[in-house]
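See structure below.
The values are calculated or read from the model by the stated rules, or taken from the named source; none is laboratory data. For clarity, every value in this text was computed on a predicted model and none was experimentally measured. Neighbour counts run over all protein chains shown; Cβ positions are idealised from the backbone, glycine included.
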Amino acid sequence: MRQSTLADELGVTRSAINQLWTKLQRDYGLTIRGSIDYGKLGLRVLFGWARGPGMSDVIVKFSRWLKSNSLVTRLTKSMMSSTLDEMVYFEAIIPLDERYSWFFKQIERFRKRPYSLVIETREAMSLSHHLNLGLFDGNNWSFSNDFRLLATIDAAKGYVDILPSVGAVTQSKSSTIITEDLVTAAALESDYFVTATKLAQTFERLEIKPGAGRTLRRKIAKMREEIVQPFVHLSNIGLPQKLIVCIKTDSEDSPLSRVLHAQASSLPKARVISGSKLTVLDLEAPPTVDWLTMTQILTNLAGNTSEICTFIAGRNEIETQLESVVSAITSRTSSGVTDSWR
């Protein structure tokens, strides 16, 4: 809801809501962001992980290559993994052109000697964000990853065909790229309630001439209706642990993947991304959560048909948004010059 609608819903003044909103922005980084159907923009989200021996520098070289690529939007390294290997998780947003095939060729190069990395990567088919403040009393989280979590998720497996995947954005298939749509989606990803004035500033920042105010307002409304779903983002709320759970299944449409999308809303703060045979749960957790216990719970749920690896992660070394990718795409398009992605 907008602040005005929220005030009406709660029966308080708009000024009172604005004061609280401003405090939440200042203390907890409150933003209403947009979850995007990148496929409708002619883009593909690639995600995956790489695993290498603990004493090797190959993961370092692979991470260095990812950092140099302007289309990589997320990079997270392991501090400790359940397999005792070094791991890195990555995401990239890539146009469906020559850059797409080039990216996969580079991945294949790291799979071969002398690197010999184990790399799993797929196109994202569904992406969801979750924040469950019902578990938070303002100071402490009541979340526990003991047998109750196991029982809840295990019970949900029996209803996987009818469970709603709340907040999940299914990725469409399209190859058409329209620059104005890319810029508008980038602005909405950062701020779901972006105004036409701020959108015009985004165009100017990317050195693209914006349309008239009325045109921009129509574009924003259309994007909200067709491509973007809002979600609440907060930081500094007592979730210092970052756990990445990587799941590889035998089947194309894994029930476990659907259960995680449906049940992630029962976790404190989570992001789930899934594709054919691969699912990743990116979980921010309170310090009381034992990551080995969480690994064991999910391993038990998966059974013999899945491979699961969990790792404690540092904060994301790369965590950029769509605007940085749009900048890379549009600068190359407008200049006609091959950029550093090669």
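Residues in the range 98-125 that are surrounded by 12 or more Cβ atoms within 10 Å (Cβ to Cβ) and not in a helix (DSSP H, G or I): Tyr115, Ser116, Leu117, Val118, Ile119, Glu120, Thr121, Arg122, Glu123, Ala124, Met125. Scanning the range 14-37 for residues being among the aromatic types (Phe, Trp, Tyr) and in contact with a helix residue (DSSP H, G or I) (Cβ under 8 Å, 6 or more places away or on another chain) gives a total of 1.
Residues that are in contact with a Lys or Arg (Cβ under 7 Å, 6 or more places away or on another chain) and of a type outside the set (A, V, I, L, M, F, W, C) were ranked within the range 48-82; the one that is surrounded by the fewest Cβ atoms within 10 Å (Cβ to Cβ) is Ser63.
Looking at the range 86-97, which of its residues are touching a residue at least 40 places away in the same chain (Cβ under 8 Å) and not in a strand (DSSP E or B)? Once the filter is applied, which keeps residues that are touching a residue at least 40 places away in the same chain (Cβ under 8 Å) and not in a strand (DSSP E or B), the range 86-97 yields only Leu96. Look at the range 246-261: where a residue is assigned to a loop (DSSP other than H, G, I, E, B) and a partner is surrounded by fewer than 18 Cβ atoms within 10 Å (Cβ to Cβ) and among the β-branched types (Val, Ile, Thr), sitting 6+ places away or on another chain with Cβ atoms under 9 Å, you get Asp250/Thr305; Ser251/Thr305; Ser254/Thr305. For the range 211-234, the criterion of a residue being farther than 30 Å from Gln25 by Cα, of a type in the set (A, V, I, L, M, F, W, C), out of contact with any Phe, Trp or Tyr (no Cβ under 9 Å at 6 or more places or on another chain) and in contact (Cβ under 8 Å) with a residue 24 or more places away in the chain is satisfied by no position.
Of the helices (runs of 4 or more DSSP H) contained entirely in the range 176-242, those carrying at least 3 residues that are under 19 Å from the mean Cα position of the chain (by Cα) and surrounded by 15 or more Cβ atoms within 10 Å (Cβ to Cβ) fall at 179-190.
Selection over the range 287-319 of residues that are under 20 Å from Val60 (Cα atoms) and either modelled with pLDDT of 90 or more or surrounded by 18 or more Cβ atoms within 10 Å (Cβ to Cβ) (or both) gives a count of 9.
Exactly one residue out of Thr76, Thr83 is farther than 30 Å from Ala7 by Cβ, part of a loop (DSSP other than H, G, I, E, B) and either among the β-branched types (Val, Ile, Thr) or in contact with a His (Cβ under 6 Å, 6 or more places away or on another chain) (or both): that is Thr83.
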